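First comes the structure, then the notes that go with it.
Please treat every number below as a calculation from the coordinates, not as lab data. Owing to the predicted nature of the structure, the values given are computational and were not obtained by experimental measurement. When we count neighbours, we look across all protein chains shown, and the Cβ atoms used for this are built from the backbone with ideal geometry, even at glycine.
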Amino acid sequence: MKSWQSYLIILLVFALAVPHALAQGTPPFDVDAAAAVLLDYDSGQILYSKNGNTERIPASLVKVMTMFVALDQISQGRASLSDTTRVSENAWRMTGSQMFLEVGETVTLEQLLYGIAVVSGNDACVALAEALAGSADVYVQWMNTKARELGLNMTFVDVHGLSEDNRVTATDMALLARAYIRAYPDALKYHAERSFSYQPRSQKQPIVQYNRNGLLGSFDGADGLKTGHLSAAGYNLVATAKQGERRLIAVVLGGSSERGREAVARELLNYGFRSFDVVDTRKLTTGTTVKVFKGKQRSVGVVAQEPLVTIPQGTGTALEVSVQLKNMSAPVSKGENVGMLTIWYEGEVLKQTPLLAVEDVPVGGFWRVFWDSTVLFFRNLIRRP
């Protein structure tokens, strides 16, 4: 049995000024979009939110999940980037943004990934789905399953985003982008490409198309991720940029125009890079251990699952850090949840992250197990009302 033993430890005090917006969740400024979110990739904290939990139509932002699921299949050995597929009439008939695939052509999965990431090819999405799942309908089921596994509030009805029945929130779109980049950092090579060239079988020259993400090449460190537009959705953009060791993700839903969504994303990214710092909390838990009953050793060290915390730049009041630990019984596995690290500001939680065991603790010998079982029995007996 594992029981909680909770106590407050002030481990470190930071000199900083925390804006009211960060503590209360009120946006410090308005942006020209129906919904917008700024996420710190490293800490996972939301730094800005306007209608972040309001459902919106994603349009082609759906394709982030389309690519995520494809890379899952490839990483699991069920397919490879060099695999080829024959283009169906179904894929060829797709309207809207196209890679300009033709019926019967043979293309590689990697070509399709570039066609989706760079030129937002709806035909490429269908061809990819059919290659990996046999049909787009089955692939949509995979996408919704993936969303549930990630704990995201998303509903997909197609693989390309043309339907107005797809639903996402800005917050969950940012979290999806973070999970996607963390799982497949090399996928950014697709999204960072400024142009894509493809020569259909019937053409004498390649067709060159350009990435609609105007931040590429114009904003320092921008290397992705995806644009989208439908009349009912407005102009959408998931933008990410890395400056130094920091990466931020901005989501804009319902922007007024292509330039408008880029202006909002630029404003959010600048705000994040200029107004916040990242602090590593691992030094705060150095030497912290969790008691282990019935084990070969009496305790085990801990490490925070998400050790980085984003804090505003400046001077002023202080952060407080509390540690809540469990009393564990062996066996304990490395990476097992053994407690919680909480970062506080003015009585409000800024961030919480699980504390994980740094090593395995196997069951101890007979007398250790017997003695600790006896101790736990009488402890629980005394605690009974």
- [ ] Starting from the Cα of VAL278, step 7 Å along the direction of its Cβ; do the same at GLU258; then give the gap between the two resulting points in nm.
- [x] 3.2 nm
Open item on the list: Using the crude model of +1 on Lys and Arg Cβ and -1 on Asp and Glu Cβ, and no other charge, please compute the dipole size for the chain relative to its Cα centre, in debye to 20.
Closed with: 1340 debye
Open item on the list: At 0.36 nm per residue, and after removing the present C-alpha to C-alpha distance, how many nm does the segment from THR145 to SER75 gain when stretched out fully?
Closed with: 23.5 nm
Task: Two-decimal log10 I(q)/I(0) for the chain, as the Debye equation yields it once each C-alpha is a single scatterer, q = 0.10, 0.14 Å⁻¹ - done: -0.74, -1.13
TODO: Treating only the Cβ atoms of Lys and Arg (+1) and Asp and Glu (-1) as charged, compute the dipole magnitude of the stretch 178-228 about its Cα centre; round to the nearest 20 debye.
DONE: 240 debye
- [ ] Normalise the Debye intensity by I(0) for the stretch 33-255, one equal point scatterer per Cα, no solvent, then take log10 at q = 0.11 Å⁻¹ and round to two decimals.
- [x] -0.49
Task: Stokes-Einstein D (µm²/s) once Rh is taken as the Kirkwood radius of the stretch 18-119 over alpha-carbon pairs, at 20 °C in 1.002 mPa s - done: 126 µm²/s
Open item on the list: For the chain, what does the relative contact order come out to in percent, with C-alpha contacts under 8 Å and a separation of six or more?
Closed with: 21 percent
Open item on the list: Under 8 Å for C-alpha pairs, at least 6 residues apart: give me the relative contact order for the stretch 33-255, rounded to a whole percent.
Closed with: 27 percent
- [ ] Show me 70-79, 362-371 ranked by packing, highest mean number of other Cβ atoms within 10 Å first.
- [x] 70-79, 362-371
TODO: Apply 1/(1 + (r/R0)^6) to the Cβ-Cβ distance of VAL349 and TYR210, taking R0 = 35 Å, and write down the FRET efficiency to the nearest 0.05.
DONE: 0.20
Open item on the list: Assuming 0.36 nm per residue, please report the length gained on full extension of the stretch THR374 to SER163 beyond their Cα-Cα distance.
Closed with: 69.7 nm
Open item on the list: I'd like to compare 38-47, 233-242, 138-147: which one has the highest average count of other Cβ atoms within 10 Å, and what's the full order after that?
Closed with: 233-242, 38-47, 138-147
